Amino acid sequence: MSKHYIIGVFGDEEPLLEAVKEVRASGTRIHEVYTPFPVHGLDELLGYKRSRLPKAAFLFGCLGFTLAITMQAWMLGIDWPMNIGGKPALAWPDFVPVSFELTVLITALGMVGTYLVACDFIPGNEAKMPDLRVTNDKFCMAIERDGTNAAAITSLLNKLGAEEIHEKELEL
Amino acid sequence: MYESPIRRPLITGETSYAKITEDIAQTVEGKPTKWWYLGFIVSVAALCLWFLTVGYLLFTGVGVWGLNKTVDWGWDITNFVWWVGIGHAGTLISAILLLFRQKWRTAVNRSAEAMTIFAVICAGSYPLLHAGRPWVIYWVFPLPNTYGSLWANFNSPLLWDVFAISTYLTVSVVFWYVGLIPDLATIRDRATGLRRKIYGFFSFGWNGSAKAWQRFESVSLILAGLATPLVLSVHTIVSMDFATSVIPGWHTTIFPPYFVAGAVFSGFAMVLTLLIIMRKAMRLEQYITINHIDVMNKIILVTGSIVGSAYITEFFIAWYSAVPYERYAFINRAFGPYWWAYWAMMTCNVITPQLFWSQKLRRNITAVFIISIFVNIGMWFERFVIIVTSLHRDYLPSSWAMYSPSWVEIGMFIGSQGLFFTLFFLFAKFVPVIAIAEVKSVAKSSASQYIKKTADQEGVDLKELNPQVVVPQLIDQYE
């Protein structure tokens, strides 16, 4: 659903970080900030919580490990035990390499899948971004316009060194 | 951002975010150079040879190889181990150096990781064909017995290899692609028409939002943490194919670390061979600088020395074990009928990397290119020596034999180079070969332009600071 946004365009990371701090201090809610590369400290300034992806990764790892151990033990120990030179059917040390590999595989696939779904990055999706130049050299701050605050926000962004300020109706 | 002026620059010359985008995107957007066409045509010709020899092999059977009852692993497994090893440098650069926060990695990780993927594809083709009937290769996977075989045997290192190599390929592709998404979006946002549609599809709707970057960084860090033990496990498991057997010269505990060091060693040599050509052909000298080449040479020096020590240790342990077969295996390697392979390996792997103690040679592109080729050759011979010289004379002298490759094996080896380089040339044309976003994130701290500025502000004379190294780099650009 498209809404009205005020977009402040900045030319570098330092003025952007300063502006994020000031805008938030003034009590204005920032919808989102768009940058060409990861700007360190930006997520904290925006008050974003830490990503829960590491926890998801850990859970996928546990799943992978359990699957791998169960699969090997069931196949070689329960379903079809084989006598290989009189050695034990359940040779646990031999299960280490495959368990490790499957743990890594399922963690990686599961976590990346979660990341893509969480960000809504699906092949063929349209990018929801305020300005095409944010993947090149511009840093954009999008603030939702709620009817009365437009003039105040525009003058604040102007004061904070925004190179350009646009008002757009788009879906972010 | 403060950066000590003593740091060597990673981006030389004038730079800005827009210029970085422009310089790297031109390799995708512009017409390829005539060097690209030349290289691509040669590679495709070699690839045709691959199809020809593999086709002949499939219609006739593995008997067309030069293998015999005694030497039943020859060029096929040699090439398998060689190609997997080459892949390791890409993962080391993209994963281990990310954990160590090495900034120079940003300019080379994309192409090094592409090299990994293509090398592992080439590697995988060998066991697939060695198995004889690739159309039933699914038997290696643990599928229900009704599919043809019993459950796979999880006690066998060969099966561990199946899991290690397929996991390695999958995780490498995923890691590479996650890093690629923002850069594909950069190309998308500069393009119109069909190119915009295609890159739009493959960039998954990337928008560069702060939340997306936060998640991106989190995912990259964890993938690096996963890929680091993974890459060490892959060549460890490959070495166990040998070490868990009882063939003299193979049955040794030194193999896992020795194989991993050798893998990184050969991989960096291949990275250098490729990058020295690519930076020239793609006009990327400003981003892949002599400083990048210098640090990679230091890694070659370290891993080359580890490999050299391993050769000597192996020899010593064979003598110290007092096992006659073990002793004979090593004496036979050095002075038996395959002496030339052993000494080619010793010269290329032990002596040539030692030349990199000299800073002059480390920073001389021609010398580096030649040495990197020597290391590639030496590491191929290492695998050949380990496999063939150990097999051809083991416990029973009546079954001793010699081995030489048939034209099919030679054709397949040249052909697999064709497969590798064809994929690499296609990558270089259609994908940004340098991680655009990552280079931008280190531009402020590592571009010569900014380092010069810091030095000026502090009143530091760069000439006095490090006259040998920093100055030719920096001053050339500014005076």
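Assorted remarks:
- Tilt relative to chain B, helix B:34-60 - C-alpha long axis, 0 to 90 degrees, to 10: 20
- Estimated FRET transfer efficiency (B:Leu426, B:Leu128; beta-carbon r; R0 22 Å; 0.05): 0.55
- Diagonalising the gyration tensor over the Cα atoms of the stretch B:271-428 and scaling each eigenvalue by 5 before taking the square root yields semi-axes of 35, 22, 10 Å, largest first.
- Shape analysis of the stretch B:17-478 based on the Cα gyration tensor places the equivalent ellipsoid semi-axes at 40, 28, 20 Å, largest first.
- Under 5 Å from the amide H of A:His4 lie the amide H atoms of A:Arg145, each residue being 5 or more positions distant or on a separate chain, with H modelled from the backbone and absent for Pro and chain starts.
- Full-extension gain in nm, B:Leu150 to B:Thr253, via 0.36 nm per residue minus C-alpha separation: 34.0 nm
- The stretch A:53-118: relative contact order in percent, alpha carbon pairs under 8 Å with at least 6 residues between: 56
- Over the protein assembly as shown: helical MRE at 222 nm, DSSP H runs n ≥ 4 each giving -39500 (n - 2.57), nearest 500: -20500 deg cm²/dmol
- Once C-alpha pairs closer than 8 Å and six or more residues apart are averaged by separation and normalised to the residue number of chain B, the relative contact order reads 35 percent.
- When restricted to Cα atoms, the protein assembly as shown yields an Rg and a Dmax of 27.4, 96 Å, respectively.
- Helical segments meeting 20 Å axial Cα length and Kyte-Doolittle 1.0 threshold in chain A (DSSP H): A:53-73, A:96-118
- Ascending count of other beta-carbon atoms within 10 Å, so fewest first, for B:Ile96, B:Ile222, B:Ile187: B:Ile96, B:Ile222, B:Ile187
- Using C-alpha pairs under 8 Å with a sequence gap of at least 6, the mean separation divided by the residue count of the stretch B:1-145 gives a relative contact order of 22 percent.
- The order of B:Phe369, A:Phe95, going from fewest to most other C-beta atoms within 10 Å of their C-beta, is B:Phe369, A:Phe95.
- Each label point was placed 7 Å from the Cα along the Cα-to-Cβ direction; for B:Ala322 and A:Asp12 their separation is 7.3 nm.
- Alpha-carbon Rg/Rh ratio, for the stretch A:53-118, with Rh computed the Kirkwood way: 1.15
- Listed by Cβ neighbour count within 10 Å, with the fewest neighbours leading, B:Asp294, B:Asp456 appear as B:Asp456, B:Asp294.
- A DSSP coil position with no more than 12 other Cβ atoms inside 10 Å describes none of the trypsin sites (Lys or Arg not before Pro) in the stretch A:75-172.
- Three principal axis extents of chain A based on alpha-carbon atoms, in descending order, are 83, 29, 27 Å.
- Local net charge near B:Leu67, Cβ-Cβ under 14 Å (Lys/Arg +1, Asp/Glu -1): -2
The numbers here are math on the coordinates, done by the rules we state, and not lab data. Predicted model only: the values in this text are computed from it and were never measured. Note: ideal-geometry Cβ built from the backbone for every residue, glycine included; neighbour counts use all protein chains shown.
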